[in-house]
Amino acid sequence: MNPANPVIVQGDGKVLLETKHPLFDRARDFLARFAELEASPDLLHTYKIDALSLWNAASAGMTLTEIVDGLRALSKFDIPQDVLRRIEDTVGRYGLVRLERHPDDPRQFLRVEFETRYIEKTVLKTQAGSELVQADGKRHHMLAVGHRGIFKQRLLLENWPVADNAGFVEGAPLQLSLRQTMRSGKTFGLRHYQIEAVDRWFLGGAPQGGHGVVVLPCGAGKTVVALEAMARTKTHTLVVCNNQSAVTQWIREILDKTTLTEAQVGEYTGQSKEIKPVTVATYQVLTYRRAKNADYEHLHLFRDHDWGLLVYDEVHLLPAPVFGATAELQGTRRLGLTATLVREDGREGDVFSLVGPKRYDLPWQLLEDQGFVAEAKCFEIRVPLSAKDRVRYENASEMEKFRLASENPRKVDIVQDLVDRHAEDNILVIGTYLGQLETISRKLGAPLITGKTPQGERDRLFGQFRRGELTRLVVSKVANFAIDLPDANVAIQISGSFGSRQEEAQRLGRILRPKERDACFYTVVTADTKEQQFAVKRQLFLTEQGYRYHIEDRAAK
């Protein structure tokens, strides 16, 4: 306890952090390991310590002593005893139920182990325990291998996070290694944090490793982490990502940085359905069905090949049918990649249970300080509605208000001003509403890419932007994810998806590739409206990572 410290732990488990304190950076990085940022006003940030954040911390090796001693070292006042007991109980629950390899019949069953007889009796009374767990002689219990995922998923809902130590099938073997010189002729080597991320995920091939999520900023080389995981496991691999452009990018990276050949790398999308030792597919094709109640036509791809590794790019977007397929494939190693584990549907627990716990997470600003991602400056520019549009806004329904604010016509002049200010830069203008994007595209004389743009045209425009033949692009939500535009250094966000923190993080990520010029991220919002309220929520994740938004109030010309 020290009144000069920056942290206050409240009786309800909320943690308050003074942003102007000299220890702010240290405290923020510490709290982010086991707590979630809830609110980020200028002077005082609020964190929530919840069960899932504590279990992710425990699975990553963070101990109860480390959490409690760290809190005490940073707290102004004594930590309430109720909070300490809740932390101790929650962290202590991780691994009290374990799945292990069955010693006699590992192809059919897993062994279920309990820390104590009391836990055994308690878990066996739950629905998951009574329906799925079988007696295995007089002293042991077992679980059919096909129930591995659903057992973990259900027990998590009962506050029993299962430690899965049962190991994995090896899959079909595949010889590959990473190149020291890329096909492009440039030298190639792993960064220290990429090696560390794979080390923590793989755990030397131990049964406890080989499943889980790596969280790294956009531009930090998550794809390279997956390539190193492939080189470690040396097995047939299925990569699933968000769209056709991402598939093209993945295949380009695989061929450029590994010893695999074109004959060994396939594409499984709406355009082509090849199954090769390494296959890259989209979530869209895997979840395609002809009618609402029809079967998913391509989910069989998960089961019809001897995969030894599944890679989920942008794992925070994992659709429900893929969760279902993943629940059935718990015997296969799994690697999730993301810049943020925040899911707008609240299914972070399913990622934890079915893909695996968070294995590695590195603050964005730490990588920025080390020069691995670009230094970014974030701005929120607030624009008023005209008198006429203000009347329309006030008389609109709650649902209509957000869109009216998002499509504020005065934003167009602000975008023009920002583009003029950055005349020598490479600029992405990103938005949600097609009419607004078309207006800005005409105003700037810049190409527009939307979901309706043919894939060949998208690839052509993205390629021109990479080569410097284009310096301005207007893009819709299709550019939120997995688009590699390394020279982009200015992003202007004119509209977004309500309070989506993941979208905010992904859009900033479009400009974080290291480069000589600083990255600038502008969000143009309509002042004193629902859009401004949602903007505060969108900024939460980046604020947690250490970014500060500079607020500018101004009227359009």
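Would you mind calculating the relative contact order of segment 192-362 from Cα pairs under 8 angstrom and at least 6 residues apart, reporting the percent as a whole number?
Taking the mean separation of contacting Cα pairs over the length of segment 192-362, I get 31 percent.
Sort 218-230, 395-407, 293-305 by the packing proxy (mean of other Cβ within 10 Å over each peptide's residues), most packed first.
Averaged packing, sorted descending, gives the order 218-230, 395-407, 293-305.
What is the distance, in nm, between label points placed 7 Å from the Cα along the Cα-to-Cβ direction at Lys14 and at Glu131?
3.7
Which number comes out as Rg/Rh for segment 192-362 once both Rg and the Kirkwood Rh are worked out on C-alpha atoms?
Checking Rg against Rh, the ratio lands at 0.93.
Mind sorting out which of (i) 35.0, 119; (ii) 28.1, 87; (iii) 24.5, 81 is the real Rg and Dmax of the Cα atoms in Å computed from the coordinates?
Structure-derived value, by its label: (iii).
Using +1 at the C-beta of Lys and Arg and -1 at the C-beta of Asp and Glu, which of Val478, Tyr549, Gln539 has the Cα lying farthest in the positive direction of the dipole of the chain?
Value: Val478.
Please report the relative contact order for the chain, taking Cα pairs under 8 Å with a sequence separation of at least 6, and give it as a percent rounded to a whole number.
RCO, the chain: 14 percent.
Shape verdict for segment 342-422, please, from the Cα gyration tensor: rounded (a/c under 1.5), prolate (a/b greater than b/c) or oblate.
Here segment 342-422 falls in the oblate category.
May I ask which of Lys152/Lys222; Lys20/Lys76; Lys411/Lys452; Lys20/Lys377; Lys76/Lys377; Lys222/Lys276 have a Cα-Cα span longer than 20 Å here?
Violating the 20 Å limit, Cα to Cα: Lys152/Lys222; Lys411/Lys452; Lys76/Lys377; Lys222/Lys276.
Nearest-5 percent of antiparallel DSSP beta bridges in the chain?
That works out to approximately 35 percent antiparallel.
Just the ratio, please: alpha-carbon radius of gyration of segment 7-93 over 2.2 N^0.38 Å, N its number of residues.
Against the compact-globule rule of thumb, the ratio is 1.00.
Readers should treat all values here as calculations from the given coordinates under stated rules, not as data from a laboratory. This is a predicted model, so every value here is computed, not measured. For neighbour counting, all protein chains shown are included, and Cβ atoms are generated from backbone atoms with ideal geometry for every residue, glycine included.
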